[in-house]
Amino acid sequence: MEAIGFVVGVSSRDAGTASRCAALCTQRAVMRSVEGSAEQQVFANGRMRHGVGRWRNCNNGRVTSRTQRKKSRSDQVAGSPAGSSSPLVELPKPSETWELDFYSRPVLGEDGKKIWELLITDKDGVLEHVEQVPSSSVNSTELRKRVAAVIERAQTKPKVIRFFRGAMRNMISIALSEFDVVVKPSRRTYSLFALQRHRDKNVYPAMPGYRESLRPDMQLNVSISEKLPDALRGERYAFVQLPYALLKEFSKLELDFGELCPVDSELKDDELIPGLVIYSKRATPIAAWMSGLELSCISADMKKREILVQCDLDTSYLFGRVVPSIVDEAREFERRKNDLNGLHFVAVQKDEESDEVDGFWLLQEMLL
């Protein structure tokens, strides 16, 4: 079948559901179909045939998850002191997924040495802890004591703690090893990045002893791409675009596998978000494997002509080749992603006609 570029639009058959779903997209995308033996079934080998399909993750205008369960968010209620007539104030409850950074800052203390800070937030940005640490206390034992104090005071205890700074991997891992938490090296520390940017711009320059030249390098060193694990191979994939209004439906669902990054509140509902959809009869196992990879982003390297799956701090998997027939689609994917400051998504489904999503990740490639 001849390959064609993808088109985004609303089909006449489904136009009546637009008011309930904001928009229902019929996706026509260049898709890749793998043929051959098990050894040949790798997207990178170029032995594929073309197909055209749709991504229609709607059921009568409603996005559905595999389990069809609605996601609910609990709130904590903070009361007033006894005898006070002040009304109750509802506060958001911090997430059980925390984000942590422990590193030097571009500020010299009174002793002439760089100050260190412990930053802790949660993935929703509700919790925020900032603590200066003397350079003489920069070790795993002192870090453990300070994190323990934060956990002790927190009303919501962490189940997962993410960190992005590879240079501190050993110290942080040792410090957190005695806590009942899952420690994850990850580039999905979005709230922590936002807090760090705020302090870089507004806090440190106003502090005595600030030195611009001492700002630490936040670049992440990504390794050479590796072979895609067999467990992540699907039969087909497609570059697609969907309006943000439709993607917001996923925030109302409880997916077994997936996660949504924070999104700019000013993003318009009709803004088209680029994405990659993986189709496979093994959709559920693939989604389960992806959930364990600490997925960071999808990138199309137009110089090397590679489609890459980026994970944890520095892992990169070769997902596919940007062959001539999909150059335009890959380039458009990167263009839209850049226009949206790295925002994009990955979805996993059984096939292009399915109304159910087995895995969904809304991601942001962090340009540090």
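Structure summary
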read-out: Whichever residue in the range 226-251 is out of contact with any Cys (no Cβ under 9 Å at 6 or more places or on another chain) and over 26 Å from Asp328 (Cβ atoms) and, among such residues, is surrounded by the most Cβ atoms within 10 Å (Cβ to Cβ); value: Phe250
read-out: Cβ pairs under 7 Å, 6+ apart, first in the range 314-328 and touching a residue at least 60 places away in the same chain (Cβ under 8 Å), second of a type in the set (Lys, Arg) and assigned to a loop (DSSP other than H, G, I, E, B); value: Arg321/Arg305
read-out: Subset of the range 178-198 [over 22 Å from the mean Cα position of the chain (by Cα) and at pLDDT below 95]; value: Glu178
read-out: Leu267 being touching a strand residue (DSSP E or B) at 6+ places or on another chain (Cβ under 9 Å), buried (at least 19 other Cβ atoms within 10 Å of the Cβ) and closer than 30 Å to Leu192 by Cα; value: no
read-out: Top-ranked residue of the range 246-263 - restricted to ones that are over 15 Å from the mean Cα position of the chain (by Cα) and at pLDDT 85 or above, ranked as nearest to Ser186 (Cα to Cα); value: Asp256
read-out: Residue within the range 321-329 that is of a type in the set (Asp, Glu) and within 19 Å of the chain's Cα centre (by Cα) present; value: no
read-out: Residues within the range 298-307 that are surrounded by fewer than 21 Cβ atoms within 10 Å (Cβ to Cβ) and in contact (Cβ under 8 Å) with a residue 40 or more places away in the chain, tallied; value: 1
read-out: Residue selected from the range 91-117 under the condition over 28 Å from the mean Cα position of the chain (by Cα) and of a type in the set (Gly, Ala, Ser), by the criterion surrounded by the fewest Cβ atoms within 10 Å (Cβ to Cβ); value: Gly112
read-out: Tally, over the range 329-344, of residues that are of a type in the set (Lys, Arg), buried (at least 18 other Cβ atoms within 10 Å of the Cβ) and more than 23 Å from Glu266 (Cβ to Cβ); value: 0
read-out: Ile120 crowded, with 17+ Cβ neighbours inside 10 Å, without any contact (Cβ under 8 Å) to a residue 40 or more places away in the chain and not polar (S, T, N, Q); value: yes
read-out: Members of the range 218-245 that are modelled with pLDDT under 90, closer than 25 Å to Ser325 by Cα and of a type in the set (Ser, Thr, Tyr); value: Ser225
read-out: Filter pass, Val150 being surrounded by 14 or more Cβ atoms within 10 Å (Cβ to Cβ) and in contact with a His (Cβ under 9 Å, 6 or more places away or on another chain); value: yes
read-out: Hits in the range 107-146 - residues which are among the aliphatic types (A, V, I, L, M) and under 17 Å from Met168 (Cβ atoms); value: Ile115, Leu118, Leu119, Ile120, Val130, Val133, Val138, Leu143
read-out: Qualifying residues in the range 153-172 (those that are of a type in the set (S, T, N, Q) and surrounded by fewer than 15 Cβ atoms within 10 Å (Cβ to Cβ)) - the one farthest from Trp98 (Cα to Cα); value: Asn170
read-out: One residue from Ala206, Ala175 being of a type in the set (Gly, Ala, Ser) and surrounded by 14 or more Cβ atoms within 10 Å (Cβ to Cβ); value: Ala175
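So that you can scan it fast, the table gives a plain yes or no per residue for (1) over 28 Å from Pro208 (Cα atoms); (2) of a type outside the set (D, E, K, R); (3) at pLDDT 95 or above:
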residue: Glu117; (1), (2), (3): no, no, yes
residue: Val133; (1), (2), (3): no, yes, no
residue: Ser136; (1), (2), (3): no, yes, no
residue: Val160; (1), (2), (3): yes, yes, yes
residue: Arg165; (1), (2), (3): no, no, no
residue: Leu176; (1), (2), (3): yes, yes, yes
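The values are calculated or read from the model by the stated rules, or taken from the named source; none is laboratory data. The structure displayed is predicted, hence computed values, not measured ones. Reconstructed Cβ throughout: ideal geometry from the backbone, glycine too, with neighbour counts over all protein chains shown.
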